[in-house]
1. Calculate the length of the line joining the C-alpha centroid of the range 230-297 to that of the range 188-209, in whole Å.
2. Find how much the distance from K324 to L285 grows on full extension, using 0.36 nm per residue of separation minus their present alpha carbon separation; answer in nm with one decimal.
3. Gain in length, Y57 to K87, computed as 0.36 nm per residue apart minus the alpha-carbon separation, to one decimal in nm?
4. If I model a spin label as a point 7 Å beyond the Cα along the Cα-Cβ vector, how far apart are those points for R213 and E118 in nm?
5. If one takes the longest principal axis of the Cα atoms in the chain, at what angle in degrees, from 0 to 90 and to the nearest 10, does the Cα axis of helix 2-15 lie?
6. Between S273 and E135, how many nm apart are label points set 7 Å from Cα along the C-beta direction?
7. Once the dipole of the chain is set up with Lys and Arg at +1 and Asp and Glu at -1 on Cβ about the Cα centre, which of Y277, I86, A111 lies farthest towards its positive end?
8. Which loop-located GluC sites (Glu not before Pro) does the range 55-149 contain, where loop means any DSSP state but H, G, I, E or B and the Cβ has at most 15 other Cβ atoms within 10 Å?
Amino acid sequence: MKKTLSILLLAAAVTGSAAAYGQKSSGNPVFEGRYADPEGIVFGDTYWIYPTYSAPYDEQLFFDAFSSKDLVKWTKHERIIDSSRIKWLRRALWAPAAIEKDGRYYLFFGANDVHEGEIGGIGVAVADSPAGPFEDYLGEPLIGEIINGAQPIDQYVFKDKDGTLYMYYGGWRHCNVAKLRDDLRGFVPFDDGEIFKEVTPEGYVEGPFMFIRDGKYYFMWSEGGWTGPDYRVAYAIADNPLGPFVRKGVILRTDEEVATGAGHHSVLHNPRSGHYYIVYHRHPLGSRDGNDRVTCIDRMEFDANGDILPVKMTFEGVQRDRLK
């Protein structure tokens, strides 16, 4: 009997699925398949995750999405957008970011792994449902140039307390911020006339994310190389969305007993329970394929000073937590 129980527990740890835990917890990864750069967001009474399809660049030509009422059971929504609806997309469809505005849903994305002189960058698509289908909103990139050294990828759209929408984005160790126009077709200059301000914090590589808690602005990002074990998540705190951002440290990193290369994350918050969750990707132990990335969720907690505590990666994932 003891031997059988040990085998069952080992199977649960290896699969990391909700089924393996009798649906009492989400399990990690939270859904099957190779998915990375997960954008977690709440729409109404539903959690959504929009990830990158993790594959060689030339195969990254679509997005799937996943929804859940309780963080445990997830529904897959296939091909919410693909290359047939983004005519300028040829490869490397990356890191979606979703928002709702005036009853419609907007999906921002990076495309083509663009370099100077090439066509590509950050685009935006629109749909009447968070499950799509999404259609290209502009027919061309919203940002298609290298500005302040930042490759136009890994965009995150943050809604401030006054309703202002800021876009943080950038690869190649540079991060810019810009204010989106009300119609989401361009940008509003800052008071000094600048459109793009560089706000790169110490150690930044890519994958910016922002949230507010108790009046503090938490700016988060990924460091290291995305294919390797040094990939990790760090954060800083500021009193406003433009900084300066004072680095606090790394809160998610490789755990040799669980997984390697944990990073490119987002944060979910349930205002009913008060719980915060970090949604991220990681490499399974023993994997040597950089594209072997899976999406996971774990609790994110704070100390009495409001600092983020180091996140413990798990195979169990998180407990059921409904929004309503």
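1. One Cα centre to the other: 21 Å.
2. Values: separation 39, 0.36 × 39 = 14.04 nm, distance 3.61 nm.
Contour length minus Cα-Cα distance gives 10.4 nm.
3. 9.1 nm
4. That separation, rounded to one decimal, is 3.7 nm.
5. 10
6. Label at S273, label at E135, 3.8 nm between them.
7. Highest projection toward the positive end goes to Y277.
8. Passing sites in the range 55-149 are E116, E118, E145.
The numbers here are math on the coordinates, done by the rules we state, and not lab data. Being a predicted model, the structure only gives us computed values, none of them experimental. A quick note on method: Cβ atoms are made from the backbone with ideal geometry, for glycine too, and the neighbour counts reach across all protein chains shown.
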